[in-house]
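Chemist: After the structure tokens below, expect a handful of questions from me.
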Amino acid sequence: MSNFFRFLILYFYIVLNVINCIQSVPNGYLLGASYDPVFGSNAIFKINPLNGKFTVFTPLTNYKAYDVTYDFIHKIFYVFGSEATLENENSLSVLMINPFNGTQTYRSITTEPYGDIFGLRVDSSTGILYSVQMNDIVEPLISIVQIDPITFVAKRWVNITKASGVQPDSMAIFFNSTAHQYFVTVPYSDDYVVGVDLIKRKIISEITNSNLPDYLCYDNKTNAFYGMQSFAKGRGCRLVRLNPYNGTMDIISKDFEDYLPSTGDCHDGYYFTMIVKGLDKQNIVTFDLSNNATVIANKPAESYLDAFAFVPH
């Protein structure tokens with residue numbers, strides 16, 4: 001009888017470890033956008049986050065990508081950018097790509113007169129797109145805009161001009177689609193984050209920090225926000241967890257000396273990033289957020305990526 005119980009204990013131990021191994025692997029792939037300004041060649045790559053293998057998913061002919069976002073419910077991969085020609089490079093548009101067969105649909109974005117938009121995120125539950133619009137012809141006006149996914153007309157949604165420190169500059173955005181909250185980070189002496197409730201159409205948080213992380217995203221499984229923080233002194237980066245409502249931060253990974261992040265995304269308990277060293281060395285790193293941000297993959301990448309998003313199977 002004692003041998004039988006020992007066998008049962010061993011059996012359940014093996015089963016639990018197998019389940020744990022299965023659960024600790026991302027179920028999907030990354031789609032990332034590259035751009036070569038010298039040769040003008042660019043493409044959407046399909047990347048295995050565990051082995052770093054790149055395959056060309058679909059070429060982008062004369063198109064420069066600035067940002068990407070994925071609609072999990074409607075299964076649309078959005079590429080935000082412009083045509084890579086001098087006469088059209090200032091005309092912003094969206095490429096909608098089928099994440100399974102690579103077919104493309106091109107649509108121009110209509111903004112208000114003299115309005116420029118920065119970045120793109122999608123609320124998967126509604127399919128509506130959001131961006132940040134700058135318009136300072138008459139007076140500085142910064143707004144979160146809502147972009148209709150049928151007409152691609154950008155409509156002013158929440159005015160964030162009066163949020164302290166917001167200015168027309170390089171921006172990063174991250175989105176909590178569960179709570180319909182949209183966050184904008186801007187450089188302004190100290191880095192600055194503005195949070196917006198899209199349903200109530202009002203500002204819900206404003207925080208400042210001298211060293212906010214880049215490539216912030218919301219993870220649905222751990223219900224937290226994560227990003228890559230660059231060192232305040234010297235070259236290097238690390239993964240941190242950020243509370244965008246009060247500005248508190250926790251360092252949760254080891255340091256990556258001599259590397260800087262170029263993009264990042266998270267989904268279902270994992271954070272994915274590309275870290276770059278020099279001109280021709282970059283790695284794809286995958287963190288298990290449910291297991292103390294353990295690095296489960298750190299693989300060389302064959303191409304530099306401007307942006308990527310995770311696409312589940």
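The values are calculated or read from the model by the stated rules, or taken from the named source; none is laboratory data. Not measured: the values here are computed from a predicted model. Neighbour counts are summed over all protein chains in view; Cβ atoms, including those assigned to glycine, are modelled from backbone coordinates with ideal geometry. We work out accessible area using only protein heavy atoms, side chains counted, and drop any ligands, DNA or RNA first. Shrake-Rupley method; radii C 1.70, N 1.55, O 1.52, S 1.80 Å.
Chemist: Taking the stated definitions as given, is Gly40 at pLDDT 80 or above and either among the small types (Gly, Ala, Ser) or loosely packed, with under 10 Cβ neighbours inside 10 Å (or both)? Let's see the steps before the verdict.
Modeler: Working: at pLDDT 80 or above: no; either among the small types (Gly, Ala, Ser) or loosely packed, with under 10 Cβ neighbours inside 10 Å (or both): yes.
So Gly40 fails the test.
Chemist: Return yes when Asp148 is touching a His at 6+ places or on another chain (Cβ under 7 Å) and closer than 25 Å to Leu31 by Cα and no when it is not.
Modeler: Working: touching a His at 6+ places or on another chain (Cβ under 7 Å): no; closer than 25 Å to Leu31 by Cα: yes.
Judged against the criteria, Asp148 is not a match.
Chemist: What are the residues in segment 249-307 that are charged (D, E, K, R) and either over 18 Å from Pro26 (Cβ atoms) or more than 15 Å from the chain's Cα centre (by Cα) (or both), if any? Let's see the steps before the verdict.
Modeler: Of the residues in segment 249-307, the ones charged (D, E, K, R) are 250, 254-255, 257-258, 265, 268, 277, 280-281, 288, 299, 302, 306.
Listed by number, the residues that qualify are Asp250, Lys254, Asp255, Glu257, Asp258, Lys277, Asp280, Lys281, Asp288, Lys299, Glu302, Asp306.
Chemist: Here's another thing I want to ask about it. I'm told Asp280 meets every condition in (1) open to solvent by less than 70 Å² (accessible area, probe 1.4 Å); (2) more than 24 Å from Thr294 (Cβ to Cβ); (3) out of contact with any Ser or Thr (no Cβ under 8 Å at 6 or more places or on another chain) except one. Can you identify the failing condition by its number?
Modeler: (1)
Chemist: Then there is this: So Phe174 ticks every box in (1) surrounded by fewer than 21 Cβ atoms within 10 Å (Cβ to Cβ); (2) in a strand (DSSP E or B); (3) at pLDDT below 80 but one. Which box is left unticked?
Modeler: Every listed condition holds for Phe174 apart from (1).
Chemist: Based on this model, can you work out whether Phe45 counts as modelled with pLDDT under 65 and farther than 27 Å from Thr126 by Cβ? Show your work before the answer.
Modeler: Details: modelled with pLDDT under 65: no; farther than 27 Å from Thr126 by Cβ: yes.
Against the criterion (modelled with pLDDT under 65 and farther than 27 Å from Thr126 by Cβ), Phe45 does not qualify.
Chemist: Same structure, new question: Just one of the numbered conditions (1) surrounded by 20 or more Cβ atoms within 10 Å (Cβ to Cβ); (2) without any contact (Cβ under 8 Å) to a residue 12 or more places away in the chain is not true of Thr61; which one?
Modeler: (1)
Chemist: Take residues that are without any contact (Cβ under 8 Å) to a residue 24 or more places away in the chain, under 21 Å from Lys46 (Cβ atoms) and out of contact with any helix residue (DSSP H, G or I) (no Cβ under 7 Å at 6 or more places or on another chain) and tell me which of the strands (runs of 3 or more DSSP E) falling wholly in segment 214-313 contain 1 or more.
Modeler: Because the criterion is at least 1 residues that are without any contact (Cβ under 8 Å) to a residue 24 or more places away in the chain, under 21 Å from Lys46 (Cβ atoms) and out of contact with any helix residue (DSSP H, G or I) (no Cβ under 7 Å at 6 or more places or on another chain), the strands (runs of 3 or more DSSP E) in segment 214-313 that meet it are 281-288, 294-301.
Chemist: A further question on this structure: When you go through Gly269, Gly278 one by one, which is the residue that is more than 16 Å from Pro213 (Cβ to Cβ) and in contact with a Leu (Cβ under 6 Å, 6 or more places away or on another chain)?
Modeler: On the way: Gly278 fails: in contact with a Leu (Cβ under 6 Å, 6 or more places away or on another chain).
Testing whether each residue is more than 16 Å from Pro213 (Cβ to Cβ) and in contact with a Leu (Cβ under 6 Å, 6 or more places away or on another chain) leaves just Gly269.
Chemist: Which of (1) modelled with pLDDT of 95 or more; (2) crowded, with 17+ Cβ neighbours inside 10 Å is the odd one out, the single condition Asp250 does not satisfy?
Modeler: Asp250 satisfies all of (1) modelled with pLDDT of 95 or more; (2) crowded, with 17+ Cβ neighbours inside 10 Å except (2).
Chemist: What is the one condition in (1) open to solvent by 20 Å² or more (accessible area, probe 1.4 Å); (2) under 17 Å from the mean Cα position of the chain (by Cα) that Pro149 does not satisfy?
Modeler: Checking Pro149 against (1) open to solvent by 20 Å² or more (accessible area, probe 1.4 Å); (2) under 17 Å from the mean Cα position of the chain (by Cα), the one that fails is (2).
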